[in-house]
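Since every read-out is calculated from the coordinates, none of them should be taken as a lab result. Bear in mind that the values here come from a model prediction, so they are computed numbers and not experimental data. For neighbour counting, all protein chains shown are included, and Cβ atoms are generated from backbone atoms with ideal geometry for every residue, glycine included.
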Amino acid sequence: MVCSESHIMDGGLMKKAIWWFALLALLAVPAAAQIKTWPLFIIERSKNANVVHYDAQLTTDGELDPKEPVIAYWVLLAKDGRREKLSWIEKKKAYGFAIKPDPSVNGYRMTLVAAPEQQITVRKEKDVVRAEAVIDGRPAVLEKMYINASEGLTGPKVQHIEVYGKDLQTGEKLREKMVPK
């Protein structure tokens, strides 16, 4: 008894109980409460290695989230690889997007600020979520955009945009270079 009393006195049992409680609390959080995302495509730039990621957000039942079907964020590869939100100005002038439901495509229509001429369809088919666009005149799964820009007096000036993806029917890799007017 003396041994267990001293064990209680020094807090050993209490520490164990707290540890077990914390572990059980973490396990009790339902997986469904966690936000599920699905990578869609990225934008790389000539300026540095930082990349903008566009991910689909899914509800607990695996459908595209009608409140916010797509999110965009930085992965700062030129620094330490951490994830960071886009700033207000980045959303308005460069990497933001407009998205709205479109029943005719059974998904959403998305337009990027950086490439308004490139219509993107975001949809879920079976267990796959993808961004689709026309690349080199063919329907494709959009994988990446590369923006080549130079610094000008009023800010960056886009020289060209390269769009990469895979043909929806053949799986062939596609690339298209677009030069702004």
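General observations
- In plain terms, the residue of ILE71, ILE120 with the fewest other Cβ atoms within 10 Å comes first and the most crowded comes last, giving ILE71, ILE120.
- The length gained by stretching the chain between SER46 and LYS92 to full extension, at 0.36 nm per residue less their Cα-Cα distance, is 14.6 nm.
- When each of LYS93/LYS144; LYS92/LYS126; LYS124/LYS181; LYS126/LYS173; LYS92/LYS177 is checked by Cα-Cα distance, pairs over 29 Å: LYS92/LYS126; LYS124/LYS181
- Here each label is just a point 7 Å from Cα along the line to Cβ, and for VAL105 and GLU125 those points are 1.3 nm apart.
- Cβ-Cβ FRET estimate between VAL75 and ASP167, R0 fixed at 25 Å, reported to 0.05: 0.40
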